[in-house]
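The values are calculated or read from the model by the stated rules, or taken from the named source; none is laboratory data. Only a predicted model underlies this, so the values are computations on that prediction, with no experimental measurement involved. No Cβ is skipped: glycine too gets one built from the backbone with ideal geometry, and neighbour counts run over all protein chains shown.
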Amino acid sequence: MEVASYRVARWGGMKRVLKVLHLASFSGNIGDNANHAGARAQFAQNLSFQLDYTELEIREFYWKYRFFDESFIDYVNQFDLLLIGGGNYFELWVEHSRTGCSIDLPPDMLARIHCPVIFYGLGVDAGQGVPDICLQRFRKFMDYLLAHDRFFIAVRNDGAVATLEKFLGSHYAQAVSAVPDGGFFVTPGHHQHPELANFPRNLVINLAGDMLDTRFKGSGGRLSPQGFFKEFALCIERLLEANTDMGVVFIPHIFRDYEPVSAVIECLPDAVRRRRLAVGPYLTGTAGADKQFSLYQQASLVLAMRFHASVCPIGMGVSTLGLVCYPQISHLYRELDLMDCAIDVTSSGFSSMLFDKSQHALGGLDSSGDSVVSHLLGSIQTTHKKIDAWLQRQFG
């Protein structure tokens, strides 16, 4: 379908408007919403085009409500631009996919998409294995994308470039752009939080409830989930004893996060549960993310297991320690040159280091992240400059 008729010309110095179909997750994980909000704000500042978004929920493909088929191609071709991401959609273990990843658009289908396509801020995740068939399919997928200027690929700063180099080779790693996750640039509104009202300082914690058996294997000297829950509860108890003016607030990002929260609470003394602790609500969508990340913004210290539980507070200048039990998190802190703020919580005895680093941060001694945001801002502006030049080629 010809898409030129959908393009709006530039008048009087105004930005040219592009109708954008944005394929990503918008419901279910508030980290995704923060990612989109921050990325869109940066697009608005950095691009010489105005993007008019129509959102398409990628979970509808996971739920089998939609499919990567001819109807999808027809729909895409009604737009000027297809934007896919950000999100962890270049996983390398999706064996039922024709591309080896969540974006199940093999070359023959990509050839029938007439508009330009941006793959933006995608994670290349090998954390759950890389079957040979997935790697073969993903290589063919990448070969097609890189051979055509209609496609722009930007992976995110969670070790994605290094993963590409490891499994595909340096050619692929060097051919893509890298971009900071949009969550670093999220600016939530100010909200009142009853969870924070009882104490002048609050320790805000996110624990991930998905893939617990992957995160905590319970073999080879590694903790089981229950082993982690018990030791983490002991660390919280020590921190509260040392900081009598501080409360603890748990924040879920998805519904499964209540499982580890509940398990840790079970391990705490009853007086702590009833007097020093609160649990945030399960909220979804843009409004829910804005409220939850406003809570992070008001924390004295964040202990973060999920990706965006680290990304967003770091971007807001809040002291943050990463609870590492999945490779993506260690990759993130390594790329930020903040490995001193990443604690491996999969081995017995981690609580001693976590306590010491938490005390250090609560004492106002942790300034390691002060220069991170300015560096990330320069990085995203560099990549957006490339995207803008690419868009000028497509629509000039």
Gln381 is checked against (1) assigned by TED's automatic domain parsing to the domain that holds Val204; (2) closer than 18 Å to Thr187 by Cβ; (3) in contact (Cβ under 8 Å) with a residue 12 or more places away in the chain and fails just one. What number does that condition carry?
(1)
Does Leu303 meet the test of being out of contact with any Pro (no Cβ under 9 Å at 6 or more places or on another chain), of a type outside the set (Gly, Ala, Ser), on the phi < 0 side of the Ramachandran plot and in contact (Cβ under 8 Å) with a residue 40 or more places away in the chain?
yes
Exception for Leu122 within (1) over 18 Å from Gly31 (Cβ atoms); (2) touching a Phe, Trp or Tyr at 6+ places or on another chain (Cβ under 7 Å); (3) hydrophobic (A, V, I, L, M, F, W, C) falls at (1)
Assuming Ala287 fulfils every condition listed in (1) in contact (Cβ under 8 Å) with a residue 40 or more places away in the chain; (2) aliphatic (A, V, I, L, M); (3) surrounded by fewer than 20 Cβ atoms within 10 Å (Cβ to Cβ) apart from one, which condition is it?
(1)
Heads up, the strands (runs of 3 or more DSSP E) in region 273-341 (entirely inside) with at least 1 residues that are polar (S, T, N, Q) are 320-324
What number of residues in region 207-242 are assigned to a loop (DSSP other than H, G, I, E, B) and either aliphatic (A, V, I, L, M) or touching a Leu at 6+ places or on another chain (Cβ under 6 Å) (or both)?
5
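Table: residues versus (1) touching a helix residue (DSSP H, G or I) at 6+ places or on another chain (Cβ under 7 Å); (2) at pLDDT 95 or above; (3) buried (at least 17 other Cβ atoms within 10 Å of the Cβ); (4) in a helix (DSSP H, G or I).
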position	(1), (2), (3), (4)
Tyr65	no, yes, no, no
Ile73	yes, yes, yes, yes
Ile84	no, yes, yes, no
Tyr89	no, yes, yes, no
Cys101	yes, yes, yes, no
Asp108	no, yes, no, yes
Cys115	yes, yes, yes, no
So which residues in region 137-183 are farther than 21 Å from Asp388 by Cβ, hydrophobic (A, V, I, L, M, F, W, C) and touching a Gly at 6+ places or on another chain (Cβ under 8 Å)?
Phe138, Phe141, Ala160
So is Phe138 in contact (Cβ under 8 Å) with a residue 40 or more places away in the chain and over 26 Å from Asp158 (Cα atoms) or not?
no
Of all the residues that make up region 342-363, how many are among the acidic types (Asp, Glu) and either assigned to a loop (DSSP other than H, G, I, E, B) or out of contact with any Cys (no Cβ under 9 Å at 6 or more places or on another chain) (or both)?
1
Is region 228-237 home to any residue that is closer than 23 Å to Asn29 by Cα, surrounded by 17 or more Cβ atoms within 10 Å (Cβ to Cβ) and either in contact (Cβ under 8 Å) with a residue 12 or more places away in the chain or out of contact with any strand residue (DSSP E or B) (no Cβ under 6 Å at 6 or more places or on another chain) (or both)?
yes
I'm trying to understand the selection: among the residues of region 139-170, which are more than 13 Å from Glu91 (Cα to Cα), part of a helix (DSSP H, G or I) and of a type in the set (Lys, Arg)?
Lys140, Lys166
Do any residues in region 240-267 that are in contact (Cβ under 8 Å) with a residue 60 or more places away in the chain have Cβ atoms under 6 Å from those of residues that are in a loop (DSSP other than H, G, I, E, B) and exposed (fewer than 15 other Cβ atoms within 10 Å of the Cβ), where the two are at least six apart or on different chains, and which pairs are they?
none
Ser358 - would you say it is farther than 15 Å from Ile314 by Cβ, in the same structural domain as Ser300 (by TED's automatic domain parsing) and either among the hydroxyl-bearing types (Ser, Thr, Tyr) or touching a helix residue (DSSP H, G or I) at 6+ places or on another chain (Cβ under 8 Å) (or both)?
yes
Scanning region 197-253 residue by residue, those of a type in the set (Lys, Arg) and in contact with a helix residue (DSSP H, G or I) (Cβ under 6 Å, 6 or more places away or on another chain) turn out to be Lys230, Arg238
Residues satisfying the stated conditions in region 245-262, i.e. touching a Lys or Arg at 6+ places or on another chain (Cβ under 9 Å) and not in a loop (DSSP other than H, G, I, E, B)
Met246, Gly247, Val248, Asp257
Residue hits (region 342-375; buried (at least 17 other Cβ atoms within 10 Å of the Cβ), modelled with pLDDT under 95 and of a type in the set (A, V, I, L, M, F, W, C)) are Val372
Kindly indicate whether Leu56 is outside any loop (DSSP other than H, G, I, E, B), more than 26 Å from Ile329 (Cβ to Cβ) and either assigned by TED's automatic domain parsing to the domain that holds Gly288 or touching a helix residue (DSSP H, G or I) at 6+ places or on another chain (Cβ under 6 Å) (or both).
no
The residue from Gly159, Gly183, Gly129, Gly169 that alone is small (Gly, Ala, Ser) and at negative phi is Gly183
